[in-house]
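The values are calculated or read from the model by the stated rules, or taken from the named source; none is laboratory data. As the structure is a computational prediction, the values presented were derived from the model and not from experiment. Quick reminder, even Gly has a Cβ in these numbers, built from the backbone with ideal geometry, and neighbours come from all protein chains shown.
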Amino acid sequence: MPGTLPLAVPRARILIVDDQDSKRLGLAAALEPLGQEVVMVASGREALRHLLTGEFAVILLDVQMPDMDGFETARLIRSRRQTETTPIIFVTAHDRAEADMLGGYTLGAVDFIYSPVRSEVLRAKVNVFVELHLKTLTVQAHERRLRELESRQAQHELAKLWGAIAQSADPVMITNRDGVIEYVNSAFERVTGYAAEEALGQTPALLNAGRQDAVFFEGLWRTLLGGEVFRGEFINRRKDGGEYHEEKTITPIRDEAGRITHFVATSQDVTYRKQMEAQLHALNASLEARVRERTAELEDVNSELEAYAYSISHDLRTPLRHIGSFADLLARSSGERLGDPGQRYLRIIQDGAVKMEALIDGLLDFARTGRSELRPQTIELPRLVQEIIAELPGADAATWEVRDLGTVCGDLLGVRQVLTNLLTNALKYAHPARTPHIELWTEAGEHEQTVHVRDNGLGFDMTYGHRLFAVFQRLHTEAPGHGVGLAIVKRIVTRHGGRIWAESVEGEGSTFSFSLPGGPPSPPGE
């Protein structure tokens, strides 16, 4: 009709509240296919400021935030009349789910999303509230538009409005103030199985499956008669007796005097989604059981390996010590009568026994690094490095350049062993033609701290660098050692969730670097 302005198709606003940039951007990327307006903020206070200026279909709220956590933010949101019914979905870690759910539902959470977030699950949950919000906005916009139309154009617009509602893919039901059904659309008939003539004049109790108690309905009517929008989940019964899950938004409609005259209920059948969630919960429970079984199996294997290691220690050491002891007795009692060849053979036996015992010790040390429990703490590197250097044999013969050392987070004994082994190697593989010069410094990254140890020693050929951190692998045989120290270093760093690498120029020196997870500590007062 000429002169008629079409209603604009609204876009729902989704508010993401998380103090971590990566998580905000990840959530926003997952929601992008919905085609709605996504607003991202980094704190609860920013979220409250945005809520003062506009309406949001749903809020994704991180539980763990500094300054003002998700629960405190939700409490303030619920305290405002304009936002007390805005759906809140808490985002929390799996290992905190049970504790967070109790507090979250107390504050009116409608759902939880667990990290790491699955994009399809997130979109499915958010889309429910987006669609309900958009339907509510559409109905409200039409209701306001109807009050303004006073001419034949108004009748035409009214016809279009009813056509849109009638042809909506989701059920729409309109009741009077007393709850008597005055209108249902075709989607209502399709979902419930009741024809319009069977539903008109009835109340929504027609669909009641008896799964909601009296307290639920008392809260529903208290909300609606107070003039507020009610959002909730219903378990209803179809005409054929089958139950189905329904997400419903019920909006009070007021007349020009502000009196509530009708209620408009828009809903969505979410039975399939609930079935998928039930299957997902069952799968998670199955996976958790498998993890527990696997953990028990690994504990059994570790116990067996520990017993095997001690068995090796005892069973190999005893004959080895016999060899060494009898070789020493032979040297003392008959060494002069053996002659030069015999004495040389005897020394080879003695040296081999000593080397074999050292290899057994190294193997046991390597095995122990995988069993000890890590106790992370903040470590002051300058003090630790000074203590290690003071205890190193031959440290006085080297020059040391220690700069820009900060703090790292890790197990104190483990980090001490890593630094001790690296500094010991720097002294052990010094170049015979020059004074050892050893440098230490750290670099602070966004998600890790890196420690560097550089020397001017023998260096090594990078072609064989892949063998550097393997057990019993040595690139230099002129210095004492058995090829276990760097393997232990790698295992300790890996257990911390870090990484280790080396760069070298043969004959000029090497730089060993290892990184531990966790960004630089926050300055005091933050």
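Going by what's in this entry, would Gly232 be described as surrounded by 11 or more Cβ atoms within 10 Å (Cβ to Cβ), under 27 Å from Leu134 (Cβ atoms), at pLDDT 90 or above and outside the structural domain of Pro87 (by TED's automatic domain parsing)? Against the criterion (surrounded by 11 or more Cβ atoms within 10 Å (Cβ to Cβ), under 27 Å from Leu134 (Cβ atoms), at pLDDT 90 or above and outside the structural domain of Pro87 (by TED's automatic domain parsing)), Gly232 does not qualify. For Asp404, the stated conditions do not hold, so it cannot be described as more than 20 Å from Thr494 (Cα to Cα), outside any loop (DSSP other than H, G, I, E, B) and in the same structural domain as Val505 (by TED's automatic domain parsing). Can you find even one residue in the range 83-90 that is within 28 Å of Ala285 (Cβ to Cβ), in contact (Cβ under 8 Å) with a residue 40 or more places away in the chain and charged (D, E, K, R)? No; the residues of the range 83-90 include none that is within 28 Å of Ala285 (Cβ to Cβ), in contact (Cβ under 8 Å) with a residue 40 or more places away in the chain and charged (D, E, K, R).
Looking across the range 401-410, just one residue is surrounded by 16 or more Cβ atoms within 10 Å (Cβ to Cβ) and out of contact with any Ser or Thr (no Cβ under 8 Å at 6 or more places or on another chain), and that is Gly410. Of the helices (runs of 4 or more DSSP H) lying entirely inside the range 1-115, those carrying at least 2 residues that are in contact with a Ser or Thr (Cβ under 6 Å, 6 or more places away or on another chain) and at pLDDT 80 or above are 44-53. Only residues that are without any contact (Cβ under 8 Å) to a residue 60 or more places away in the chain and over 18 Å from Leu412 (Cα atoms) were counted across the range 486-508, and they come to 7.
A Cβ distance below 7 Å, combined with a sequence gap of six or more or placement on separate chains, defines the contacts here; from the range 160-183, residues that are within 21 Å of Thr261 (Cβ to Cβ) reach residues that are among the acidic types (Asp, Glu) and not in a helix (DSSP H, G or I) in the pairs Ile174/Glu182; Thr175/Glu182; Asn176/Glu182. Scanning the range 459-474 turns up no residue that is surrounded by fewer than 21 Cβ atoms within 10 Å (Cβ to Cβ), modelled with pLDDT of 70 or more, polar (S, T, N, Q) and closer than 24 Å to Ala444 by Cβ. Looking only at the range 151-170, filter to residues that are under 16 Å from Tyr183 (Cβ atoms) and in a loop (DSSP other than H, G, I, E, B); which one of those is modelled with the lowest pLDDT? For the range 151-170, the residue satisfying everything is Gln167.
Taking the conditions exactly as written (of a type in the set (A, V, I, L, M, F, W, C), touching a helix residue (DSSP H, G or I) at 6+ places or on another chain (Cβ under 7 Å), surrounded by 15 or more Cβ atoms within 10 Å (Cβ to Cβ) and at pLDDT 90 or above), does Ile250 satisfy them or not? Considered against the rule, which asks whether it is of a type in the set (A, V, I, L, M, F, W, C), touching a helix residue (DSSP H, G or I) at 6+ places or on another chain (Cβ under 7 Å), surrounded by 15 or more Cβ atoms within 10 Å (Cβ to Cβ) and at pLDDT 90 or above, Ile250 comes out as yes. Taking the range 201-246 as the range and being part of a loop (DSSP other than H, G, I, E, B) and touching an Asp or Glu at 6+ places or on another chain (Cβ under 7 Å) as the test, only Ala209 passes.
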